[in-house]
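First the structure, in the form of structure tokens, and then the observations on it.
Where a number appears in this text, it was derived from the coordinates with a stated rule and is not lab data. On a predicted model such as this, the values are computed, not experimentally measured, just so you know. A quick note on method: Cβ atoms are made from the backbone with ideal geometry, for glycine too, and the neighbour counts reach across all protein chains shown.
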Amino acid sequence: MAKLRILEFPDPRLRKKAAAVEVVDDAMRQLIDDMFETMYDAPGIGLAATQVDVHQRLLVADVSVDKDNPWVLINPVILEQDGVEVSEEGCLSVPGYYEEVQRAEHIRVRYLDRHGKEVESEFEGLLAVCVQHEMDHLDGKLFVDYLSEAKRQRIRKRLEKDRRQKQSEPAVVL
Ligand code: ZN
């Protein structure tokens, strides 16, 4: 398994729209395993392939406390949604920022599992929010897009500044 690099806002690659997965083969399952390793290590509760610069419609999630309930959704499509849930969201691609976002409370989704089998599942609460957040990534959308332009620009500037500071720190001090 290998840990993958997570792209960070405002990287333009996060804006790419992912293409449908054509075949679920061993290479795809390797990518899935690497995405889980990356997500658990971060740590996060969801990760879309877009975030690791793979532009295919695939996401992983695990909102359980013991990290023992992994979900893999390939080519997910929301069939039904209802209710309203407002929760504070964060994102591994927007580190350090948490803002309230409104989502559907309950969704029914059709997708392929890690064996390429078509299945339908119902999600609610945190897992529903997580799946909607990750599905946005596959369309090049980020949770900061739900905020005001001014707020989004503030976050972008802060993240760019943080990164510049990190880069300018000398690796070895003599
Ligand atoms: Zn995210």
Counting DSSP beta bridges in the chain, what percent are antiparallel, to the nearest 5?
95
Mean separation of Cα contacts under 8 Å (6+ apart) over length of segment 35-75, as relative contact order %
31
Could you give the length gained by full extension between GLU22 and GLN165, i.e. 0.36 nm per residue of separation minus their alpha carbon distance, to one decimal place?
47.3 nm
For the chain, the charge dipole (Cβ of Lys, Arg +1; Cβ of Asp, Glu -1; about the Cα centre) points to a positive end, and the Cα of LEU126, ALA19, GLN30 closest to that extreme belongs to ALA19
From the square roots a ≥ b ≥ c of the eigenvalues of the alpha-carbon gyration tensor of segment 25-116, which class results: rounded (a/c under 1.5), prolate (a/b over b/c), or oblate?
oblate
What's the longest uninterrupted piece of the chain once you rule out the trypsin sites (Lys or Arg not before Pro) that are loop residues per DSSP with at most 12 other Cβ within 10 Å?
18-116
Helix-only estimate, please: 222 nm mean residue ellipticity of the chain, summing -39500 (n - 2.57) across DSSP H runs of length 4 or more and dividing by its residues, to the nearest 500.
-9500 deg cm²/dmol
Using a 7 Å offset from Cα along Cα-Cβ at ASP53, what residues in segment 125-148 end up with backbone N under 18 Å from the label point?
138, 140
Calculate one ³J(HN,Hα) per residue across segment 18-23 by plugging θ = phi - 60° into the Karplus curve 6.51 cos²θ - 1.76 cosθ + 1.60, and present them in order as whole Hz with x for glycine and proline.
6, 8, 4, 6, 8, 10
Rounded to the nearest 20 debye, dipole of segment 3-141 from Cβ charges on Lys, Arg, Asp, Glu:
560
HN-Hα J couplings of segment 144-152 from phi, Karplus 6.51/-1.76/1.60, θ = phi - 60°, integer Hz, Gly and Pro as x?
5, 5, 7, 8, 5, 4, 4, 5, 5
Helix 125-138: angle to the longest alpha-carbon principal axis of the chain, degrees 0 to 90, nearest 10?
70
Under the classification rounded if a/c is under 1.5, otherwise prolate if a/b is larger than b/c and oblate if not, where does segment 117-172 fall, given a ≥ b ≥ c as square roots of the Cα gyration tensor eigenvalues?
prolate
Mean-square fluctuation check for the chain, GNM, Cα pairs under 10 Å: which of VAL94, VAL109, VAL24 is largest?
VAL24
Can you list the residues, at least 5 places off or on another chain, whose amide H is less than 5 Å from the amide H of HIS106, using H built in the peptide plane?
ASP82
Please list, by residue number, every one of the chymotrypsin sites (Phe, Trp or Tyr not before Pro) in segment 63-99 that is coil in DSSP and has at most 15 other beta-carbon atoms within 10 Å.
TYR98
Checked the chain with the C-alpha gyration tensor, a ≥ b ≥ c its square-rooted eigenvalues, rounded below a/c of 1.5, otherwise prolate if a/b is larger than b/c and oblate if not; verdict oblate
Can you sort ILE6, ILE74 from fewest to most other Cβ atoms within 10 Å of each residue's own Cβ?
ILE6, ILE74
Can you tell me how much longer the chain between GLN102 and SER64 gets when fully stretched, taken as 0.36 nm per residue apart minus their C-alpha distance, in nm with one decimal?
11.5 nm
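Relative to the Cα centre, what is the charge dipole magnitude of segment 92-174, using +1 at the beta carbon of each Lys and Arg, -1 at the beta carbon of each Asp and Glu, and rounding to the nearest 20 debye?
Here segment 92-174 has a charge dipole of around 620 debye.
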